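Written below as C-alpha cells is the structure these notes are about.
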Amino acid sequence: MIQRKLREALLEGKTINLIRYRSTDLSEHRFSFVYESSERRYRLSERYEGDLVQEDYHDLEVVEILIEWLLKLRFEANIWSKEEQ
C-alpha cells in the first residue's frame, strides 16, 4: 500500500509528481498523476527531459500500484494542490 499521505492527496484531487534524476547526466524522468473529474479516472503523464513519452488514464487501484512501484525505484514524490499549479 502506498504511503497514507500520497493516498490522501490522490483522493483530494491533488497532483502527484514522481521525479528521478539520472546520476550520470542529471536527466529528469517524471510521472504525473492528476484526477480528471470528467473521466472519473487519473491521467498519467510520463515525461523524460520535458518531452511527453506517454499519457493514459487509470483507476485509483492501478495508480496506487504504479506509485508504489516508482517509489521502490527511488522516485521522489511531490504533491501539488490545484491552487499551486
Legend entry - Label-point gap, in nm, between Tyr48 and Val62 - each point 7 angstrom along Cα→Cβ: 2.1 nm
Legend entry - Alpha-carbon centroid distance for the pair segment 7-37 / segment 52-77, whole angstrom: 8 Å
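Order these by the 10 Å Cβ neighbour count, fewest first: Thr24, Thr15. All intermediate terms of the calculation are to be shown ahead of the outcome.
On the way: Thr24 6, Thr15 20.
Listed from fewest to most nearby Cβ atoms, that is Thr24, Thr15.
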Inset, instruction - Return the label of the correct value of Cα extents along the principal axes in Å, as calculated from the structure shown, out of (i) 47, 31, 19; (ii) 49, 38, 17; (iii) 38, 25, 24. - result: (iii)
Inset, instruction - Provide the FRET efficiency to the nearest 0.05 for the Glu36-Gln3 pair, computing r from the beta carbons and using R0 = 30 Å. - result: 0.85
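As an exercise, use a Förster radius of 25 Å and the Cβ-Cβ distance of Ser23 and Leu71 to find the FRET efficiency, rounded to the nearest 0.05.
Numbers: r = 18 Å, r/R0 = 0.71.
The calculated FRET efficiency here is 0.90.
Within a Cβ distance under 9 Å of Glu46, other residues only, what is the Lys/Arg minus Asp/Glu net charge? Could you put the intermediate results ahead of the total?
Numbers: positive: Arg30, Arg47; negative: Glu55, Asp56.
Here the count lands on 0.
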Inset, instruction - For the chain, give the magnitude of the charge dipole about the Cα centre (Cβ charges: +1 Lys/Arg, -1 Asp/Glu; no others), in debye to the nearest 20. - result: 300 debye
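Laboratory data are not the source of any read-out in this text; all were calculated from the coordinates shown. Only a predicted model underlies this, so the values are computations on that prediction, with no experimental measurement involved. Cβ atoms come from the backbone with ideal geometry, glycine included; neighbour counts cover every protein chain shown.
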